[in-house]
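Peer 1: Take a look at this one; I'll ask things after.
Quick note: the coordinates plus some simple rules give every number you see, no bench work behind them. The shown structure was predicted, so the numbers you read here are calculated from the model rather than taken from an experiment. Because the Cβ atoms are built from the backbone with ideal geometry, glycine has one as well, and the counts that use them run over all protein chains shown.
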Amino acid sequence: MQCTNNLKQIGLALHNYHDSHRVFAPGYLSLFKRDGGDKGTAEDDIGPGWGWASQILPQLEQPAVFNAINFGLTMTYPANDTAQLMRLGTYLCPSDNPKQLIPVRNEENTETVYTVASANYIGVYGVGEVGEAPGRGNGMFFRNSRLSFQDMTDGSSQTFMVGERSSNLSYVTWTGRAIGGWLFTTASFEGGTNAFNPEPEESFTMVLGPMGEEDPPRTPNHPLAHVEDYWSRHPGGVNFLFGDGSVRFIKNQINPSVYHALATRGGGEVISADQY
């Protein structure tokens, strides 16, 4: 119930942000080098990288944390330590128990390059790999996104916005995409048996999650999960916030095609509630 309430508060904050800005908060904010093409690839990110959850702090009654962020600087600067190390209860599922501060690892997974506050909720990028097109997600959150209700042509009640990931799979932060950092399965550097797919992803997956197509079905809590997937410690499924502000429990057994359809904002699929 507390997890559901957290997501409802996040949904209300996102709606209030939309009321003020006429768009939803961007998945994460970053300049990027143009040599990767018109939209750039993930490797072209320059920063600063602050994510959607940092943008809605005033709407979550956290103006002091918001005002402590210098949004023009990345998380490498000591000036942002106060904010980036702040753990916020609304962003934490009580069924999970991540460490207060979590590491962002280097590409070789040999050392920690950043330390940030933990969280459990990630924005829905859509279907596909974030790194291949970080600025062109078909969900509601991607790099520098500026989407509104009008962009949810599938309907706000049939479009995911935010879902869960627990720390037994990999880490989440509310802060943003740490430039130069990578996300690994938690067990790969903290010891223990790693039953999940060990392939790392760049740190944008600490604030965004796709519905992947490689190694299907990639449905919630799938035992062969990738680091960027949706996972929870709730028995049988994962909570998701929808575009209309409702929160629904998505069962592990959801049909993959339905799961993908809910992740996109304008795929044109017709889905009934009894399908999930």
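Peer 1: Using a cut-off of 14 Å between beta-carbons, work out the net charge of the residues near Arg265 (Lys and Arg +1, Asp and Glu -1, Arg265 not included).
Peer 2: Spelling it out: positives minus negatives among the neighbours equals -2.
Peer 1: Further question: Would you mind counting up the charge near Ala117? Only other residues with Cβ under 13 Å from its Cβ, with Lys and Arg at +1 and Asp and Glu at -1.
Peer 2: +1
Peer 1: Less than 12 Å Cβ to Cβ from Phe160, Lys/Arg counted +1 and Asp/Glu -1: what total charge do the surrounding residues give?
Peer 2: Once all neighbours under 12 Å are counted, the net charge is -1.
Peer 1: Suppose a student asked you for the relative contact order of the range 188-227, using Cα pairs under 8 Å spaced at least 6 residues apart; what percent would you report?
Peer 2: 54
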